[in-house]
There are 2 protein chains.
Amino acid sequence: MKDVCEIEYVNKEAVEEVKSKMLDDATLLKVAEIFKILGDSTRVKILCALAKRELCVCDLSALINISHSAVSHQLRILRAYNLVKFRKEGKVVYYSLADEHVIKLIEMGIEHAKE
Amino acid sequence: MKDVCEIEYVNKEAVEEVKSKMLDDATLLKVAEIFKILGDSTRVKILCALAKRELCVCDLSALINISHSAVSHQLRILRAYNLVKFRKEGKVVYYSLADEHVIKLIEMGIEHAKE
DNA sequence: TTTATATATGAATATATATTCACATATTCA
DNA sequence: TGAATATGTGAATATATATTCATATATAAA
């Protein structure tokens, strides 16, 4: 790939300039990763719901009309990325947002979506 | 699914309250959609690069070390969502960001990633 | 202790999608 | 016109992942 490009049109200065200014790959990969988490409507719905109020798995299941299992699987992912926290009360597990940061991101997405 | 939930634990008031406050499904789907676009490292790299400077396909290919074809496919997606614009100069097609809005979103993602 | 219920999870399945490959198109230049 | 080059794109492939199903775990209640 690289050697092919040597003999093709490439504005080397431009490429070098941008390369020096760009964030490292690892960071950009992390950026894509967080967006990938937000890039699923079930997870967006869960996060938006939890932004309004603490809810249990069954509530979320009823609210977004999806099986408990599916909700649980998605909550697992959201937990893994520290986007939600939870507390147990007997059999019931209540989920809420880990912090307000995620909502800021989603709100920007909403702005974009509404355009 | 719905009737199963009738006989299970559901805090109906909570669910109704949140449901009334939530954005409609169509909007949330659109939100997830824009995040899905940003949820790929190749596309994030392309957008971050274009945020610095207008670049052609071959430049992008060399910069992020991926085949022309792959870049072209991703640019097609970014074009479809009006995230990038382009101008032709002879054989060469120069791409740039459609607007600064996307970068705001990515910058928030970077903030999150750097935490 | 037995039963019922809320949640979690592994495996299977179905679907989406990123990349590659081959080829098409468009433009420049000899 | 014909060759070279930059980009675009359809099909195939490989991989990721969302959901379902079956089952496990944990807690409460009978």
(request) Grab the alpha carbons of chain B, take their convex hull, and tell me the volume per residue in Å³. (result) 166 Å³
(request) Within segment B:70-108, report the GluC sites (Glu not before Pro) that DSSP leaves as loop and that have at most 11 other Cβ atoms within 10 Å. (result) B:Glu100
(request) Calculate the dipole size of segment B:2-114 relative to its Cα centre from +1 charges on Lys and Arg beta carbons and -1 charges on Asp and Glu beta carbons; express the result in debye to the nearest 20. (result) 880 debye
(message) Quick check: at a probe of 1.4 Å, how many percent of the accessible area of the protein assembly as shown sits on carbon and sulfur atoms?
(response) 50 percent
(request) Mind checking which chain A residue has its Cβ closest to the axis relating A to B, and how many whole Å off it is? (result) A:Gly39, 2
(request) May I ask you to compute the full-extension gain from B:Asp99 to B:Asn65, defined as 0.36 nm times their residue separation minus their alpha-carbon distance, rounded to one decimal in nm? (result) 9.7 nm
(request) Name the residue, out of B:Val31, B:Val102, B:Val44, whose mean-square fluctuation peaks in a Gaussian network model built on chain B with Cα pairs under 10 Å. (result) B:Val31
(request) Enter the buried accessible area of the A/B pair, total of both sides, probe 1.4 Å, in Å² rounded to the nearest 100. (result) 5600 Å²
(request) Could you compute the FRET efficiency for B:Ile77 and A:Arg79, with r as their C-beta to C-beta distance and R0 at 35 Å, rounded to 0.05? (result) 0.70
(request) Output, in nm with one decimal and in ascending order, the distances from the A:Asp99 label point to the matching label points of the other copies (7 Å from Cα along Cα-to-Cβ). (result) 2.9
(request) Per DSSP H run of n ≥ 4, the term is -39500 (n - 2.57); total these for chain A, divide by its residue number, and report the mean residue ellipticity at 222 nm rounded to 500 deg cm²/dmol. (result) -20000 deg cm²/dmol
(request) Taking the Cβ of B:Gln74 as the centre, find all other residues whose Cβ is under 12 Å away and add up their charges (Lys, Arg: +1; Asp, Glu: -1). (result) +3
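If Lys and Arg each add +1 and Asp and Glu each add -1, what is the summed charge of the other residues whose beta carbon sits under 12 Å from the beta carbon of B:Lys52?
Taking every Cβ under 12 Å from that of B:Lys52, the sum is 0.
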(request) Would you mind listing the distances between the B:Asp25 label point and the same position in each other copy? Use 7 Å along Cα-to-C-beta, nm, one decimal, shortest first. (result) 4.1
(request) Distances from B:His73 to the same position in the other copies: list them in nm, one decimal, shortest first, using label points 7 Å from Cα along Cα→Cβ. (result) 2.5
(message) I want to check the label-to-label distance for B:Glu89 and B:Lys12. Put each point 7 Å from Cα in the C-beta direction and report it in nm to one decimal.
(response) 6.7 nm
(request) Pop out the ³J(HN,Hα) list for segment A:49-60 in order, Karplus 6.51 cos²θ - 1.76 cosθ + 1.60 with θ = phi - 60°, rounded to Hz; leave Gly and Pro as x. (result) 5, 5, 5, 7, 5, 5, 9, 8, 4, 5, 4, 4
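The values are calculated or read from the model by the stated rules, or taken from the named source; none is laboratory data. Predicted model only: the values in this text are computed from it and were never measured. Glycine gets a Cβ as well: all are built from the backbone with ideal geometry, and neighbour counts include every protein chain shown. These accessible areas exclude ligands, DNA and RNA; they are computed on the full protein's heavy atoms, side chains included. Shrake-Rupley method; radii C 1.70, N 1.55, O 1.52, S 1.80 Å.
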